[in-house]
Structure formats: C-alpha cells, structure tokens
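The values are calculated or read from the model by the stated rules, or taken from the named source; none is laboratory data. Bear in mind the structure is a predicted one, so any value in this text is a computation, not a measurement. The area values use the complete protein model at the heavy-atom level, side chains included, leaving out ligands, DNA and RNA. Shrake-Rupley method; radii C 1.70, N 1.55, O 1.52, S 1.80 Å.
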Amino acid sequence: MGDMWTIKAALDWTVGYLERKGDENPRLSAEWLLSEACDMSRIQLYVSFDRPLSLEERDILRGYVTRRGKGEPLQYITGYAAFRHIQVKVRPGVLIPRPETEVLVSEALSLLPAAHRRVALDSTIDAWEGDALIAAEAAAAEAAQDGSDVDASETLKRSQQAISAYLDAQQDQGNGDGCDRLDGSAVAKPRPLLVADLCTGSGCIACSVAYERPDARIIATDIALEAVALAKDNAAELGLSDRVRIEQGDLGSPVPAAAMGRLDLVVSNPPYVPTAVLAEIPREVADFEPALALDGGADGNDILRRLLPWTAAALRPGGGFAFELHETCLDAAAELARQAGFHQVRIVDDLAGRPRVLTGVKPV
C-alpha cells in the first residue's frame, strides 16, 4: 500500500493477504483484526472508509495480520472471545470457547430447578418494591379496620413505617436465612444450587452458569495450571469470584467430600476428540490449541468413562449431568451412561445439526 492507509485500503489489503495465506474466511478475519487495531466496531469500519489509520494503528494491524497469516486463531490474537451473554479472556495454552459449547450450557441450565422468583405488583417495579407496596396496603387495611376515625395522615404514617421495617429487615438478613413474608412468618430460603464444572479451561461454562443463575454456586476444576489462572481471571473480571471457585486438580478430585451426593449439576467439556481424528483437525487448532484439552483416547470416550462413576456419586438424586462429546462417540457414550445407572439419557445436536451433547439424570 501507499503512504496513506485508510480504513478501506487497509481492509482490502488485509483481505487479499489473508486469502493468499489460505484463511478460510479472510474478510471476517480482516474485519475482526482491523476493528481491534482501531478500537472500532465492524459497523463503524464501514461508515469510516476514508478515515486514515494512525502510525500506531498501522503497526498493531501489521502485527495482527502477520500472526493470523501464520494460522494463529483470532481469539488468541485479540485476547478474548464472546460466549453466550459474557465475554471471556483467552490465552495460548487454553482451549478457545466454541459455539457448540454454548449449546452445552443451554442443556446444563435446563437441568437445574426453576429459578426462585418473587413477583412484583407491576412489571415496571422491582420485586422488593412490590413487597414494600404490599406492606403499605396491609398497613392501610389495618388502619381501616381500627375505625373510621383514623385519618389519611395516620394511614400514610403506618404505611411508611411498614415499608421502612421491611427494608431494614432485608438489609439485616443480607444473604443469610431469614423471614421472607411481610407478616414476619418464617419462610425457608431456597438453598443455593451446587454445580461442578470439570475441565473448565477458560472458565466460560462456570462463569456463564453463574451469570445466568445467580442462585448457583460453582466449583470449577482443571488439571492445567494455566487454565486455572485464566479461569480465575475471568471469574474476577466478571465479578463472579464470590460464586465461582476455581481449583487445580484432575476432574472431580478437588470437589470437597462434603459436597459429594449433593450436587445439582455436573457439566463438562472434557477432552473428547478420538486420537485418530486429531490428525484431521484444522491447522489453527492442531498447531495452537493444547492437545491435552483435545485428545479423548482411541474412541473419544476415555475421560467419559472416568466421569460417569464420579458423577453418579457426586449428584443428588434427581440431579443431572451435561457433557460435550465428539459427534462419532455419542451413541456409545449414551449406552455407557445408561450402564452407569442414569435415566433420561439424551443426545442433543449442536447448531450445525451434529450430535454433540449428552445429558442424563440420577434416579430419585
């Protein structure tokens, strides 16, 4: 290119370069890298074709394009990946989250009990405001029953006192057990859901479950120290460290003994690619992503055989599991799950229509 690097010129040049390097989707790659280099959205690129790049942006783009030309995954270059409703950091040495794993999370969430919800009086107000209004109405009704000589100011005063008492009680009880009814009668708080995410990698599954189910407490494990460090960073970045505990260890070994037999859900995206198939996977996966997170043994189910008995012991009666597996392994995996004593064993397709997720439930 000449001395003037406009957005359009840089985009066209990057597309051509990546095409020559064999990129499967050179335009998408070019848009992604240029957006990152210029700190712009893809839409902004297309309405800013004439904007020149600064010297710093040009240098950043050159570095990105060189790395992509060598086959490095886009996510490693930019340092992040979008996953369901969150964005997670990614680093070399840890598996990049895939769209099919979003299906795994959907199936895992569907196995959990329905979320406890408090209903507001009006869809435009929060639940606690609805409770406060109920308190006010109760105070007004009590005042009316006291006699007609109670004026409006007294009714308002009692309403305000009821609201204040309710809010004080909410603050006092915090996250602990306490009364939930406005009349002061005790209601058992729903217990937190207990979830184990084994082979957590970046922590995308554990963080997604915690993000979408605030009533869940997750212990996530991985044998690789670099994965544990990354998952901890992601949990902290998303403000989930208080509900997502990351531990280093093999499969379920770090899960406390006290939790065994009490888990509501076990979810895992374990190494599952049959060893022979590893030779056929795309170069950017084989050359850059860790084989430890991919190789599932001769038939792809080596790790599953270890997961199933542990899961049977860890789940409470009625609890469920969801595992992501290779498309060629699901039928055999389903039979292994049935032999392990699980009921309601299902095979779920991914977004491309390929068998991808195995789920099952521990009998009650």
Note to self: Regarding the range 17-124, what's the average projected area of the Cα-atom convex hull, expressed in nm²?
What the structure shows: 11.1
Checklist line | Heavy-atom accessible surface of the range 191-258: percent carbon and sulfur, 1.4 Å | finding: 54
Notebook entry, point to check: Whole-Hz Karplus ³J(HN,Hα) for the range 239-255, in order, using 6.51 cos²θ - 1.76 cosθ + 1.60 and θ = phi - 60°, x for Gly and Pro?
Noted result: x, 10, 4, 6, 10, 10, 9, 10, 10, 8, x, 7, 6, x, 4, x, 5
Margin query: Whole-Hz ³J(HN,Hα) for each residue in the range 303-311, computed from phi via Karplus 6.51 cos²θ - 1.76 cosθ + 1.60 with θ = phi - 60°, x for glycine and proline: what do you get?
Written below: 5, 4, 4, 7, 5, 4, x, 5, 4
Next item on the list: Round to the nearest 10 and report in Å² the accessible area of Trp32, as given by a 1.4 Å probe over the protein chains' heavy atoms.
Entry: 70
Check: Taking only protein heavy atoms and a 1.4 Å probe, what accessible area per residue, in Å², does the range 27-93 have with all protein chains in place?
Finding: 51
Next item on the list: With θ set to phi - 60°, apply the Karplus curve 6.51 cos²θ - 1.76 cosθ + 1.60 along the range 17-28 and write out the HN-Hα couplings as whole Hz, x wherever there is a Gly or Pro.
Entry: 5, 5, 4, 5, 8, x, 4, 5, 9, x, 5, 4
